[in-house]
Amino acid sequence: MKVGVFSTKPYTRTFFEEANGAFGHELAFFESRLTTETAGLAAGLPAICAFVNDVLDARVLSTLADGGTRLIALRCAGFNNVDLSAAGRHKLTVVRVPTYSPHAVAEHAVALMLTLNRKIHRAAARVREGNFALDGLMGFDMHGRTAGIVGTGRIGFEAARILNGFGCRLLAYDIAENPDCVALGVRYADLHQLFAESDIVSLHCPLLPATRHLVNDESIARMKPGVMLINTSRGALIDTRAVIDGLKSGRIGYLGLDVYEEEADLFFEDLSDQVIQDDVFARLTTFSNVVITGHQGFFTRDALDEITRTTLANISDYEARRSCPNEISIDRLRK
Ligand code: NAD
């Protein structure tokens, strides 16, 4: 099947070309992000492959459908960037990769926790300058601390498993309890209790209307003074301006982000020669107790291998008119 692969980076191409030997699709790689301006590139391509910051709103989907596209193959788990009602109207099938290595993202979340706690980012910079003083680098034992996991699906469970290994007390909030978490000894609580009791809050739920700005002025006021907040899920789970206020007041003691509300204009690009125009993001980078990575939670060899193979298999299922287990059921999601 002819597939237009948007937001291609050199590593995307390497993984897709290597795996495609077993699938035989005809891949056209586009470096540009899928947006209103670039959607025309897909004209005549029955399938397109999109990533987290590609725009799949009603306008783009209409252009794609008019150009003959029938399949949207997301090479990611989250699908908050797709207007599913519009996809339904245009009879576009949407598939995704729901289950690639949950370890990659959970391990990255814990990497952010340890970096912030033990101030590895500051310590490494000091040592390179020949400054071996320890002042300001004091951390805390993870053992015995309370970690609150919001969203205990595949990634949240893996994060809980790792933190259980550290000897953390585990609280969780989810709309549905995960029996594996219960078996691990995780205690489910409501969000208020989780925010009030957790030393570390880690977000692992999807971005939905119900979860947008889950962390806001009100929820931050309920958190323990000096709380550590980690978001490796989707940027808009957090009201960034509220979090900046929380950092300034000291209510938030540590912030680790792999995602950011307005990341589409920044992440995955080398902007080191440019002036960052986003003042909110720029303010975040001024805090010594904030560590930001540019949406790299998924970025392990193992995860990319799985993402690529599943994406190509999803496309093959569609082409062969087989039912695809990774198709997003648009009717179910409308509820
Ligand atoms: P999952 O579907 O296995 O788990 C999500 C969990 O969130 C489920 O248990 C679900 O019941 C729960 N949930 C749904 N609505 C909720 C609500 N209102 N409040 C609390 N919990 C709710 O998904 P996953 O594979 O664990 O991925 C979680 C998220 O991680 C994805 O949605 C995606 O946004 C993000 N992610 C980030 C990266 C990265 O590179 N940083 C990579 C993959 C996924």
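Cβ under 10 Å from GLU261's Cβ, GLU261 left aside: what net charge do those residues give with Lys, Arg +1 and Asp, Glu -1?
Details: positive: ARG212, ARG234, ARG241; negative: ASP239, GLU262, GLU263, ASP278.
For residues surrounding GLU261, the net value is -1.
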Legend entry - With 5 Å bins from 0: P(r) over region 102-292, alpha-carbon pairs, percent: 1, 8, 16, 20, 21, 16, 10, 5, 2, 1, 0
Inset, instruction - Once you have the Cα-Cα distance between ALA176 and GLU269, take 0.36 nm times their residue separation minus that, and quote the gain in nm to one decimal. - result: 29.8 nm
Legend entry - Projected label distance in nm at SER249 and ALA210, using a 7 Å step from Cα toward the beta-carbon: 2.8 nm
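May I ask you to list the trypsin sites (Lys or Arg not before Pro) in region 247-321 that are in a DSSP loop and have at most 16 other Cβ atoms within 10 Å of their Cβ?
Here the sparse-neighbourhood loop sites are ARG321.
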Inset, instruction - Principal axes first, then extents: for the Cα atoms of the chain, list largest minus smallest coordinate on each axis, whole Å, largest first. - result: 61, 48, 35
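List the trypsin sites (Lys or Arg not before Pro) within region 138-205 that fall in a DSSP loop (any state other than H, G, I, E or B) and whose Cβ has at most 14 other Cβ atoms within 10 Å.
Working: sites: ARG145, ARG154, ARG161, ARG169, ARG187; in loops: ARG145.
Answer by residue number: there is no such site.
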Inset, instruction - Let me have the relative contact order for region 102-292, percent, based on Cα pairs under 8 Å that are six or more residues apart. - result: 20 percent
Inset, instruction - Scan around LEU74 for amide H atoms under 5 Å from its own, H built in the peptide plane at 1.01 Å from N, and keep only partners 5 or more places away or cross-chain. - result: ALA50, VAL95, ARG96
Legend entry - Amide N of region 265-289 lying under 19 Å from the label point, which is placed 7 angstrom from the Cα of GLU37 along Cα→Cβ: 265-278
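Please work out how much length the chain gains when fully extended from ALA282 to LYS91, using 0.36 nm per residue of separation minus the C-alpha to C-alpha distance, in nm with one decimal. Write out the running numbers ahead of the final one.
Values: separation 191, 0.36 × 191 = 68.76 nm, distance 4.10 nm.
Separation in residues times 0.36 nm, less the Cα-Cα distance, equals 64.7 nm.
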Inset, instruction - Show the residues, 5+ positions off or on another chain, whose built amide H is closer than 5 Å to the amide H of GLY4. - result: ALA28, ALA47, ILE48, CYS49
Inset, instruction - Please work out the C-alpha center-to-center distance from region 21-82 to region 118-178 and express it in whole Å. - result: 37 Å
Inset, instruction - Please give the contour-minus-distance gain from ASP302 to ASP141: 0.36 nm per residue of separation, less the Cα-Cα distance, rounded to one decimal in nm. - result: 54.9 nm
Inset, instruction - Specify the residue with the greatest mean-square fluctuation among ALA125, ALA303, ALA106, computed from a Gaussian network of the chain linking alpha-carbon atoms under 10 Å apart. - result: ALA125
Inset, instruction - Quick one: what are the phi-derived ³J(HN,Hα) couplings along region 256-272, Karplus 6.51/-1.76/1.60 with θ = phi - 60°, whole Hz, x for glycine and proline? - result: x, 10, 10, 9, 8, 3, 10, 5, 4, 7, 10, 5, 6, 10, 8, 10, 5
Inset, instruction - Go from 0 up to the bin containing the longest alpha carbon distance in region 1-149, width 5 Å each, and give me the % of pairs per bin. - result: 2, 8, 14, 16, 12, 9, 8, 8, 8, 7, 5, 2, 0
Inset, instruction - Provide the per-residue ³J(HN,Hα) series for region 52-59, in order, calculated from phi with Karplus coefficients 6.51, -1.76, 1.60 and θ = phi - 60°, each as a whole number of Hz, with x at glycine and proline positions. - result: 4, 9, 6, 8, 10, 8, 4, 5
Inset, instruction - Please turn the phi angles of region 63-71 into ³J(HN,Hα) values with the Karplus equation 6.51 cos²θ - 1.76 cosθ + 1.60 (θ = phi - 60°), one per residue in order, whole Hz, x for glycine and proline. - result: 4, 4, 4, 4, x, x, 6, 10, 10
Inset, instruction - Add +1 for every Lys or Arg and -1 for every Asp or Glu among the other residues with Cβ under 13 Å from the Cβ of ASP180, and state the total. - result: -1
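Applying a 10 Å radius around every beta-carbon, put 311-320, 13-22 in order of their mean neighbour count, most first.
Numbers: 311-320: 19.9, 13-22: 14.9.
So the peptides 311-320, 13-22, ranked by packing, come out 311-320, 13-22.
The numbers here are math on the coordinates, done by the rules we state, and not lab data. Since the model is a prediction, treat every value here as computed from it, not as a measurement. All Cβ positions, glycine included, derive from the backbone under ideal geometry; neighbour counts span all protein chains shown.
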